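First up is the structure itself, then whatever we jot down about it.
Read the figures in this text as sums done on the coordinates, not as results from a lab. In this text, all values refer to a predicted model and were calculated from it rather than measured experimentally. Because the Cβ atoms are built from the backbone with ideal geometry, glycine has one as well, and the counts that use them run over all protein chains shown.
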Amino acid sequence: MSAKIKVLQVIPKLGYGGAETGCYDLGHFLAENDCKSYIVTSGGELIKYVRKEKVKIIKLPVQSKNPIIILMNSILIALIIIILNINIVHVRSRAPAWSCLISCFLTRRKMVTTFHGTYNFKSSIKKLYNSVMLKSKLIIAGSNFIFNHINENYIDRLNPSNKLMVIFRGINLDYYHEKNISVFKKNKLFNLWGLSENKFKILLPGRLTSWKGQDKFIESLNILVEDYNNYKFEAIILGSDQGRNVYKKKLQNLSQRYNLNQKIFFIDHCKDMPLAYSLSDVVVSSSVEPEAFGRVAVEAQAMQKPIIASNIGGSKETIIDKKTGFLYKYDDPRELAKVLNSVMELDKDTLNLIGNEGRKNVSKKFDVDKMCQTTFTEYKKLLKN
């Protein structure tokens, strides 16, 4: 059965995000399990790491929301399906989902969608646009939070004959492993970033955008200094502004106003995220809106680092509060400062114990092989029906 399965994944861009790495991992898993694996995308930095002998890349402008290009893509994808004799089309974003819906209708192929976020659903037009993700035979939610979101906000658009299920996102536990980090690499990055010895390192990864709450994080650091008289830290805000230079400037000004510019380091990008995590003593996710999954929390735990995250969205599922990390009331810098201060007072053995529990938690629930195997099993069920 598996030798006959030919899967075409469609994603706007193959970058470093959660949806993209999931597509990358599944593509290679399928190829290693005697399937034909193809990815349609417009481009992206992750393409250079794809093993082209195993996973074939087809470039189309599937990132476009232009209705004419969406229609053009639908015809081209239909031709690809016919020429390559594709069995399943798995699409991971709304614009290409409209193309694939038409393509699969024309070619009578099975479509799978993965709901990677809550999307903007405040207007009826937006809701209609998003609803294409519910028109597949198999709808995958990346977390219970997303599953509940779909049921609460799209119940009237769900077809009972289509299957909605949770398949947790997974990460590569071999890649996110402390054993791969050399002392030489750590020292090199430590010096490159200009960090100091004997300071508690707080890492906040994530693109610079207001809903990620970097401004609230900076406020919490000011409270840490002012209310707790705690100066024994350095904070690394790691993420690109992706053209949002106004927001980045706001963060830098906030840091300067609080006289924290010697304690907060703004780093645009790090290609080796396990190495970045290895430099930290604790990792923070300060989102003020729900994370669909909370990849940072999972990666931090895999790297055996305590995680502090806001108590909304997927983070409530990925973190075991007070065992693998700590949840705090979202959008509350004062409570975040209190938790940070408490964690900084913990001894090394306790921090290591929390880190070890985090690694166990991720190994049990969020391993990439489990995600891929479950998805593969669902593909086979779909083709039997």
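Taking 0.36 nm per residue of separation and subtracting the current Cα-Cα distance, fully stretching the chain between residue 346 and residue 51 would add 101.8 nm. Amide hydrogen proximity for residue 326: with H placed 1.01 Å from N in the peptide plane, the residues at 5 or more positions away or on another chain lying under 5 Å are 307, 308, 309. Packing-based ranking of 273-280, 303-310, 251-258 yields 303-310, 273-280, 251-258, ordered from highest to lowest mean Cβ neighbour count within 10 Å. With n ≥ 4 as the cut-off for DSSP H runs, can you work out [θ] at 222 nm for the chain, using -39500 (n - 2.57) per run divided by the number of residues, rounded to the nearest 500? Helices in the chain give a 222 nm mean residue ellipticity of -13500 deg cm²/dmol. Once the Cα atoms are used to define both axes, helix 348-365 deviates from the longest principal axis of the chain by about 10 degrees. The mean sequence distance of close C-alpha pairs (under 8 Å, at least 6 residues apart), as a share of the length of the chain, puts its relative contact order at 14 percent. The average projected area of the range 178-365, computed from the convex hull of its Cα atoms over all directions, is 9.8 nm². A dipole drawn for the range 160-263 from +1 and -1 charges on Cβ atoms has a positive end, and of 259, 189, 223 the residue lying farthest that way is 189. Taking the centroid of alpha carbons for each part, the range 371-385 and the range 175-225 are 39 Å apart. The amide H of residue 9, built 1.01 Å from its N in the peptide plane, has 38, 39, 40, 90 as neighbours under 5 Å, considering only residues 5 or more places off or on other chains.
Computed from Cα atoms, the angle from the helix 245-257 axis to the main principal axis of the chain rounds to 20 degrees. Extension gain, residue 186 to residue 225, is 11.3 nm, computed as 0.36 nm per intervening residue step minus the present C-alpha separation.
Charge tally around residue 336: other residues with Cβ under 9 Å, Lys/Arg +1 each, Asp/Glu -1 each, net +1.
Round to the nearest 0.05 the FRET efficiency obtained for residue 331 and residue 65 when R0 = 25 Å and r is the Cβ-Cβ distance.
After rounding to 0.05, the efficiency reads 0.25.
Dividing the Cα radius of gyration of the chain by 2.2 N^0.38 Å, with N the residue count, gives 1.03.
Applying 0.36 nm per residue to the separation of residue 156 and residue 380 and subtracting their alpha-carbon distance, the gain on full extension is 77.8 nm. Sequentially through the range 366-376, phi angles give Karplus couplings (6.51, -1.76, 1.60; θ = phi - 60°) of 10, 6, 4, 5, 5, 4, 5, 5, 5, 5, 4 Hz, Gly and Pro residues having no value and appearing as x.
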